[in-house]
């Protein structure tokens, strides 16, 4: 066999190979060009896209611009003004590889027009499928305008794998939003198919204003400012209340030293900070900015520079998880306003049977199905006659002494954030009157969070009290489920649950946490056997242990369907006010909804 002939690839092929790494889709082109504009010191960047970016991507900025001599060099591979011979670990710009422009030019028809601030005229250069034309004078303002026409026209296989024009446009919008979040001092405008999609003024000196704007219209009232530091790492930004969570991660913005990233470590840390506050299919809302010395982070680990590598990842993760957990805990029982807004959106007028003139805000509420109430104090004034008429049907007010005290009806309303209990509906929902509205509480969800937080605190303090069962309970399980429980028996004992083997297909429970002494032991153990599936011995001693406590708390809380006295309801409200994260249950669902009097009166037509 003869020796193979080693050949140098043609420059056009080399550029197309590089384009495969850098230019995945139109959004990739927008990312590279906008990053160049930011690096050029632009204070204003305009982006225009047509047909998802395949017909046109145009990016114009007011940065420093390029001279006629610079233009052809900019289209050469590995030519850059952003890096010198000894600064590969001291990256100060978003772009630095010198591959973007030649790579894009190899798969499109590109034209660059640029003018320096002190230049008398602009100059332009064109590149078609990697073939570069000569530089020529052209009209243009100071700064640079780059137009990309017919992206992937010469590589149809690449075009075939693109999404729909609408989806590609959405991806362009998303990348512009992320770049705008990382560069708050720059004004941005995005126009897609002749329609203004995004317009952001400069937020120089007010980066959190830009963050709140991009997080959505509900962010202002429902996010928490964050500013924490550990060793040489600083973390600041906005994090959303757990009840503001979304179904996807599009409202998670992560920036490292001014660079937007999609980093697995950072995303995992963010998720970990909300681990016991969100249901598994919900994602937290956040805009996080991480600042650390440049030699502590490597940004040169991914062709698209989307990921980074930290020298001390444990410090970074610990800072993110700890700072967010502390910030959320300080909010106590606070829940996002979107919960009440969503509830109000479901209210609609209805009519009592036989009373066509009387409208009610609840469809079918007067039918009386499952409507019940604990003995309650008279409803205080302030909700309006229509609301009182609604609460009257089916209410069992009971004897005056059933209130648990002879205090006035309005006592406690203005003294506590969650007000004073007035009734229990459907044996699960507590209705309380506040100073300026009402609160509706899911008793099971609220108590589940209270028990969970108490168990966590007792675990931290090493004071989980155990209650011996008078008669140990034998629970039959699958052999594999028994093995899981017994493998973690020592850790479970530290949590107050003592289990031993009872043959090959059963365990015997001898002690339970005192907080759970009245709970259904069989259900707790059965659910734990499933929860422990796939958890290693080391995992259960760290984050996974909270999942075990959460499962215990779920079965140790007040069940739906249990009737409560007014004293019991008020006690639950006071516990909620004193418990961190009590605005949402262990699964991320809201524990209460608050409605202000003004909103209630709008439902009844009393306000415009």
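Being in a helix (DSSP H, G or I), at pLDDT 90 or above and either crowded, with 18+ Cβ neighbours inside 10 Å or not assigned by TED's automatic domain parsing to the domain that holds residue 103 (or both) narrows it down to one residue among 68, 42, 27, 19; which is it?
It is 27.
Can you find, within segment 416-468, the residue that is surrounded by the most Cβ atoms within 10 Å (Cβ to Cβ) among those that are within 29 Å of residue 495 (Cα to Cα) and touching a strand residue (DSSP E or B) at 6+ places or on another chain (Cβ under 6 Å)? Write out each step before concluding.
Within segment 416-468, the subset within 29 Å of residue 495 (Cα to Cα) is 428, 441-468.
Now restrict to residues that are touching a strand residue (DSSP E or B) at 6+ places or on another chain (Cβ under 6 Å): 441, 443, 464, 466-468.
Working: 441: 27, 443: 24, 464: 21, 466: 15, 467: 14, 468: 11.
The qualifying residue surrounded by the most Cβ atoms within 10 Å (Cβ to Cβ) is 441.
So is residue 519 crowded, with 20+ Cβ neighbours inside 10 Å, part of a loop (DSSP other than H, G, I, E, B) and at pLDDT below 80 or not?
So residue 519 does not fit the description; no.
For segment 139-162, name all the residues that are surrounded by fewer than 18 Cβ atoms within 10 Å (Cβ to Cβ) and either in contact (Cβ under 8 Å) with a residue 40 or more places away in the chain or not assigned by TED's automatic domain parsing to the domain that holds residue 34 (or both). Spell out the reasoning first.
As a first pass, look at segment 139-162 and keep what is surrounded by fewer than 18 Cβ atoms within 10 Å (Cβ to Cβ): 139, 141-142, 149-150, 153-157, 159-161.
If the condition is that a residue be surrounded by fewer than 18 Cβ atoms within 10 Å (Cβ to Cβ) and either in contact (Cβ under 8 Å) with a residue 40 or more places away in the chain or not assigned by TED's automatic domain parsing to the domain that holds residue 34 (or both), then 141, 142, 149, 150, 153, 154, 155, 159 are the ones that fit.
Here are some residues: 463, 397. Which one is in the same structural domain as residue 506 (by TED's automatic domain parsing), at pLDDT below 85 and not in a helix (DSSP H, G or I)?
On the way: 397 fails: in the same structural domain as residue 506 (by TED's automatic domain parsing).
Unique residue meeting the criteria: 463.
Provide a single number: the residues in segment 123-168 that are in a loop (DSSP other than H, G, I, E, B) and closer than 23 Å to residue 24 by Cβ.
12
Scan segment 544-590 for residues that are at positive phi and in contact with a helix residue (DSSP H, G or I) (Cβ under 7 Å, 6 or more places away or on another chain) and report the count.
Filtering segment 544-590 down to residues at positive phi leaves 561, 581, 588.
The next check asks that each one be in contact with a helix residue (DSSP H, G or I) (Cβ under 7 Å, 6 or more places away or on another chain); those that pass are 581, 588.
Total meeting the criteria: 2.
Only one of these conditions is not met by residue 178: (1) in contact with a helix residue (DSSP H, G or I) (Cβ under 7 Å, 6 or more places away or on another chain); (2) outside any strand (DSSP E or B). Which number is it?
For residue 178, the failing item is (1).
Do the conditions hold for residue 243, that is, is it touching a residue at least 40 places away in the same chain (Cβ under 8 Å) and under 22 Å from residue 550 (Cα atoms)?
Spelling it out, residue 243 is indeed touching a residue at least 40 places away in the same chain (Cβ under 8 Å) and under 22 Å from residue 550 (Cα atoms).
Restrict the check to segment 284-300 and report whether at least one residue is within 15 Å of the chain's Cα centre (by Cα) and assigned to a loop (DSSP other than H, G, I, E, B).
yes
Test residue 534 against the stated conditions and say whether it is over 19 Å from residue 462 (Cβ atoms), modelled with pLDDT under 80, over 24 Å from the mean Cα position of the chain (by Cα) and surrounded by fewer than 19 Cβ atoms within 10 Å (Cβ to Cβ). Don't jump to the end; show me each part of the working.
Working: over 19 Å from residue 462 (Cβ atoms): yes; modelled with pLDDT under 80: yes; over 24 Å from the mean Cα position of the chain (by Cα): yes; surrounded by fewer than 19 Cβ atoms within 10 Å (Cβ to Cβ): yes.
The answer is yes for residue 534.
Considering only residues that are closer than 25 Å to residue 462 by Cβ and part of a strand (DSSP E or B), which ones fall in segment 488-506?
Passing the criteria: 498, 499, 500.
If residue 187 meets every condition in (1) surrounded by fewer than 21 Cβ atoms within 10 Å (Cβ to Cβ); (2) in contact with a strand residue (DSSP E or B) (Cβ under 8 Å, 6 or more places away or on another chain); (3) on the phi > 0 side of the Ramachandran plot apart from one, which number is that one?
(3)
The values are calculated or read from the model by the stated rules, or taken from the named source; none is laboratory data. Nothing here was measured: the structure is a model prediction, and the numbers come from that model. When we count neighbours, we look across all protein chains shown, and the Cβ atoms used for this are built from the backbone with ideal geometry, even at glycine.
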